[in-house]
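Peer 1: Just passing along the structure, written as structure tokens.
Here, each number is a calculation from the coordinates, and none is a lab measurement. Just so we're clear, the structure is a prediction, and the values are computed from it rather than from any experiment. Cβ coordinates were reconstructed from backbone atoms using ideal geometry, including for glycine residues, and neighbour counts include every protein chain displayed.
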Amino acid sequence: MTTHEVFNQVPPLVGHDTSADPALLEGVEREGAGWALPEIQEVGRLAGTAEARDWGRLAERVPPRLLTHDRYGNRVDEVDYVPAYHQLMETAIGHGIHAAPWAEDRPGAHVARAAKFYAWNVDAGHGCPISMTYAVVPALRANPALAAQFEPLLTNREYDFGLRDPATKRGLIAGMSMTEKQGGSDVRANTTAATPIAGQSDGSYRVVGHKWFTSAPMSDMFLTLAQAPGGLSCFLLPRVLPGGEANPIRFQRLKDKLGNRSNASSEIEYDNAIGWLVGEEGKGVKTIVEMVNMTRLDCVIGSASGMRLALTHAAHHARHRSAFGKPLIDQPLMRNVLADLAVESEAATTAMMRLAGANDRAIHGDTGEAALRRLALAATKYYVCKRGPVLANEALECLGGNGYVEDFDLARVYRELPLLSIWEGSGNVAALDALRAIGREPESLDAFFAEADLAAGADARYDDAVTSLKKELTNFDDIELRARRLVEQIAVVFQAGLLLRHAPSAVADAFCATRLARDWGSAFGTLPAGLDLAPILARTETTF
């Protein structure tokens, strides 16, 4: 006689297609990247395999290890990763999720890359160097000679791990090294110093100082900020110098983080390291902000992807788990929770895809789309990245105690999503940046309302929200104190307009009834009676 029988447990979520999200696929078509659907779906099917999911779990379970010295006492400053991490990197780079779009002169290439980044959600940690490699290219172009030398290797679809002379490698990974202990986001408080090397004609400097957060320290090169004679400036520092000599970049320790452990985040010191000036002296923030714009977009993509993944796990659980005599998915209150999560996820994904399209067109010279991206990205980064952790918490509750156990993937999603509201500017920084766009670049506000007007007349609640927002923007009293409230309004109006134009009417109606009309409680699962939840829930079924 056995002690117990295992039943009413949910089967593993494997063998599914993570790209099979209607909001994602419709956005890909709408934003001009329909030609990339076969590869996007290939990435989605691969991400749903048991093998790929195991790579992500193993990379988390066996975190990177810092090696400051070799066995003979020589300084090496290396990080050792488990093989699964390298498999993740090789797959992502092989599918062009890093910097490949910069080498493709094709409209929609950056949209396709955003969709693949969204679908390849097996591990958040390795996404950091993938994102930074994508983002470094536009900033590096401020030095055409460096861009000509390194951009072909940064965009190449080959992962070539190991510290060697960059010119001898098949492909390169790049990172960003900005913040310091005393300043954090206030990079103008940086004390790292850069001194021109006398007699050198290549724009090289000696860099001395420290950095508080440098993720993916085994990258081949970093963009960093340092105080030059002309002020705060941007520099490119390779890990290995031309000819093969190690650049003296010293690792102090790896961070013991709340979220992912597969990515090594480190504290480093520049011990008279050599760097090359990128852009002009004193224009460091202006130069590196080109990189920050791209990584902020990736924060939105990562948040939207994590939200969809959390929703998928919750819906999968509810369809296979029974309680009180019937499947959870048939319980009215659970249906309300899942539908509410689905509305939030679809709003985030739809906004993300619109921003990916704006980014693609801005890169190709569309000034109107660049203006829209300037404000809408800052506002969406603020709002969506804050909604992600709240949604993950509610999705975790759908699994009950199993959701709180590391054996189940949702625990990793729950731990990771708060990072994206911090990375590239926490809430206050993002909100104030949106206000800065309104004040210094009024064309960004004009572009935003031109976009909002495309949905005018579709819903009275939406029209009222747009009118209220315009009124709020005429009052500049205590505007910094009201920044979060104002930027949230911008983000919600942006999402609502897009849903009214592109989403099923049931999704748009639920969003407007709650996020605009506020007929909604303070928690998910408080959608009002009378909404049609069936078509909303049907859009969660396509993944598996």
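Peer 1: If you split all Cα-Cα distances of segment 450-544 into 10 Å bins from zero, what percentages do you get per bin, shortest first?
Peer 2: The percentages, shortest bin first, are 14, 42, 31, 10, 2, 0.
Peer 1: Magnitude of the Cβ-charge dipole of segment 52-119, K/R +1 and D/E -1, about the Cα centre, nearest 20 debye?
Peer 2: 220 debye
Peer 1: Set Lys and Arg Cβ to +1 and Asp and Glu Cβ to -1, take the dipole of segment 4-112 about its Cα centre, and tell me which of 108, 11, 86 lies farthest positive.
Peer 2: After comparing all options, I get 86.
Peer 1: Answer with one residue from 28, 259, 379: the one whose Cα lies farthest towards the positive end of the charge dipole of the chain, charges on Cβ with Lys, Arg +1 and Asp, Glu -1.
Peer 2: It is 259, whose Cα lies furthest towards the positive end.
Peer 1: Please compute the Kirkwood hydrodynamic radius over segment 395-519, one decimal place, Å, based on all pairs of different Cα atoms.
Peer 2: Every distinct Cα pair counted, the radius reaches 16.7 Å.
Peer 1: Between helix 144-155 and the chain, what is the angle of the helix's C-alpha long axis to the longest principal axis, kept within 0 to 90° and rounded to the nearest 10?
Peer 2: 50 degrees
Peer 1: Taking every pair of distinct Cα atoms and averaging 1/r, then inverting, what Kirkwood hydrodynamic radius in Å comes out for segment 371-448?
Peer 2: 13.8 Å
Peer 1: Further, regarding this structure: Going by average Cβ density within 10 Å per residue, which order do the peptides 3-9, 180-186 take, highest to lowest?
Peer 2: 180-186, 3-9
Peer 1: Further question on the same structure: Could you give the distance between the Cα centres of segment 213-263 and segment 1-35, to the whole Å?
Peer 2: 37 Å
Peer 1: Please rank 136, 79, fewest neighbouring Cβ atoms within 10 Å first, as an exposure proxy.
Peer 2: Listing 136, 79 from fewest to most nearby Cβ atoms yields 79, 136.
Peer 1: Go ahead and estimate [θ] at 222 nm for the chain from helices alone: -39,500 (n - 2.57) per DSSP H run with n ≥ 4, summed, over the residue count, rounded to 500.
Peer 2: Only helices count here, giving -16000 deg cm²/dmol.
Peer 1: Still on this model: Relative to the Cα centre, what is the charge dipole magnitude of the chain, using +1 at the beta carbon of each Lys and Arg, -1 at the beta carbon of each Asp and Glu, and rounding to the nearest 20 debye?
Peer 2: That gives a dipole near 720 debye.
Peer 1: Moving to a separate point now. Determine one quarter of the surface area of the Cα convex hull of the chain, which equals its mean projected area, and express it in nm² to one decimal.
Peer 2: Average of the hull's projected areas for the chain equals 27.4 nm².
Peer 1: Where a ≥ b ≥ c are the square roots of the eigenvalues of the C-alpha gyration tensor, would you call segment 315-381 rounded, which needs a/c under 1.5, or, failing that, prolate if a/b is larger than b/c, or oblate?
Peer 2: Cα axes put segment 315-381 in the prolate bin.
Peer 1: Right, here's the next one. For segment 310-463, give the magnitude of the charge dipole about the Cα centre (Cβ charges: +1 Lys/Arg, -1 Asp/Glu; no others), in debye to the nearest 20.
Peer 2: 340 debye
Peer 1: Per the Kirkwood formula on distinct C-alpha pairs, the Rh of segment 286-538 is how many angstrom?
Peer 2: For segment 286-538, the Kirkwood estimate is 18.7 Å.
Peer 1: Counting other C-beta atoms within 10 Å, which of 536, 197 has the fewest, and how do the rest follow?
Peer 2: Ranked by crowding around the Cβ, least crowded first: 197, 536.
Peer 1: Compute the projected area of the convex hull of the Cα atoms of segment 22-282, averaged over all viewing directions, and report it in nm² to one decimal place.
Peer 2: So the mean shadow area of the Cα hull is 14.9 nm².
Peer 1: Between residue 473 and residue 181, what's the calculated FRET efficiency when r is the beta-carbon distance and R0 is 25 Å? Round to 0.05.
Peer 2: The value I calculate is 0.10.
Peer 1: Another question about this same structure. To the nearest 10 degrees, how steep is helix 460-472 against the longest Cα principal axis of the chain, on a 0 to 90 scale?
Peer 2: Between helix and principal axis, roughly 40 degrees.
Peer 1: Tally Lys/Arg at +1 and Asp/Glu at -1 over every other residue whose Cβ is under 10 Å from the Cβ of residue 394; what's the total?
Peer 2: -3
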